[in-house]
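One structure is given below, encoded as structure tokens.
The values are calculated or read from the model by the stated rules, or taken from the named source; none is laboratory data. Everything numeric here is computed off the predicted structure, so don't read it as measured data. Quick reminder, even Gly has a Cβ in these numbers, built from the backbone with ideal geometry, and neighbours come from all protein chains shown.
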Amino acid sequence: MMGGEAALKLIAWDFDGTLVDSRPLIEAGMAHALDVLGQPRSVMAEWLRYVGLPVETGIRTTFGPLGLDEARVLEAYRSFGHTEHEHLLQPFPGIPELLRELRGRGQRMAVATSKRRVPLLRQMARFGWEGWFEPIITPDEVTHGKPHPESLEKLQALTGLAARDILMVGDTPFDLDMARAAGVPSLAVGHGFYSQAALEACGPRAYAPDTAALRDLLLAYL
């Protein structure tokens, strides 16, 4: 349990970088977009700084200062054909087993992600995770994306749970800042895009460098 509080009632997961390793797909899509736009691959490093935000926000922040039109960049990025390349996206080692174990223990789980609902549900179905998470909050359900707290506030409204009853698990400062703004405790996982120092600066309850450490932390909270 967390600090002697009541048992955890809901785990809210981020998706990309937390449950699944989406880096190969993200980098392949952006490399394609940069080639289409005639931009140097060095722009990739700036783009990756905003992984975890809705893609439109990341594109606006990365390419606006370069004088490129957001709609043109988004069109180039989407022309990669992400659906046809989703084989590049796979769960992190140990995550499927951890999710099954948590389900077996009756642990309720949700998702709060910056990925749009249609590709998210398609990818969950590919992994056999249909019906494992409820509610699912995506940019299609909110006005303000991460790090704004709206996603977790909506999750609370849908479940009737208090902030202290939820644990947000994410791999980006945007996940953790969202949780902090919503008053929701959080855990940081280190197999995504960000350093331990960057994540711990956002005030999570703990940091897990890998799935094994994450499992130990979660089971201690149940």
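For the range 206-218, does any single residue satisfy the condition of being closer than 21 Å to residue 55 by Cβ and at pLDDT 95 or above? No; the residues of the range 206-218 include none that is closer than 21 Å to residue 55 by Cβ and at pLDDT 95 or above. Taking the stated definitions as given, is residue 177 surrounded by fewer than 16 Cβ atoms within 10 Å (Cβ to Cβ) and either in contact (Cβ under 8 Å) with a residue 40 or more places away in the chain or in the same structural domain as residue 99 (by TED's automatic domain parsing) (or both)? In short, no. Only one entry of 94, 203 meets the criterion of being in contact (Cβ under 8 Å) with a residue 40 or more places away in the chain and at positive phi, and that entry is 94.
Yes/no matrix, rows are residues, columns are (1) part of a loop (DSSP other than H, G, I, E, B); (2) surrounded by 15 or more Cβ atoms within 10 Å (Cβ to Cβ):
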site	(1), (2)
24	no, no
32	no, yes
46	no, no
56	no, yes
72	no, no
100	no, no
114	yes, yes
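No other residue among 70, 75 is outside the structural domain of residue 162 (by TED's automatic domain parsing) and either in contact with a helix residue (DSSP H, G or I) (Cβ under 6 Å, 6 or more places away or on another chain) or of a type in the set (Ser, Thr, Tyr) (or both) apart from 70.
Rundown of residues vs (1) under 17 Å from the mean Cα position of the chain (by Cα); (2) on the phi > 0 side of the Ramachandran plot, yes/no style:
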{"position": "75", "(1), (2)": "no, no"}
{"position": "82", "(1), (2)": "no, no"}
{"position": "87", "(1), (2)": "no, no"}
{"position": "103", "(1), (2)": "no, no"}
{"position": "108", "(1), (2)": "no, no"}
{"position": "111", "(1), (2)": "yes, no"}
{"position": "118", "(1), (2)": "yes, no"}
{"position": "124", "(1), (2)": "yes, no"}
{"position": "131", "(1), (2)": "no, yes"}
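Whether any residue in the range 151-158 is surrounded by fewer than 21 Cβ atoms within 10 Å (Cβ to Cβ) and either at pLDDT below 95 or among the hydrophobic types (A, V, I, L, M, F, W, C) (or both) is what I want to check. The answer is yes, given that some residue of the range 151-158 is surrounded by fewer than 21 Cβ atoms within 10 Å (Cβ to Cβ) and either at pLDDT below 95 or among the hydrophobic types (A, V, I, L, M, F, W, C) (or both). The sole residue among 212, 220 that is surrounded by fewer than 24 Cβ atoms within 10 Å (Cβ to Cβ), out of contact with any helix residue (DSSP H, G or I) (no Cβ under 6 Å at 6 or more places or on another chain), over 21 Å from residue 108 (Cβ atoms) and among the hydrophobic types (A, V, I, L, M, F, W, C) is 212.
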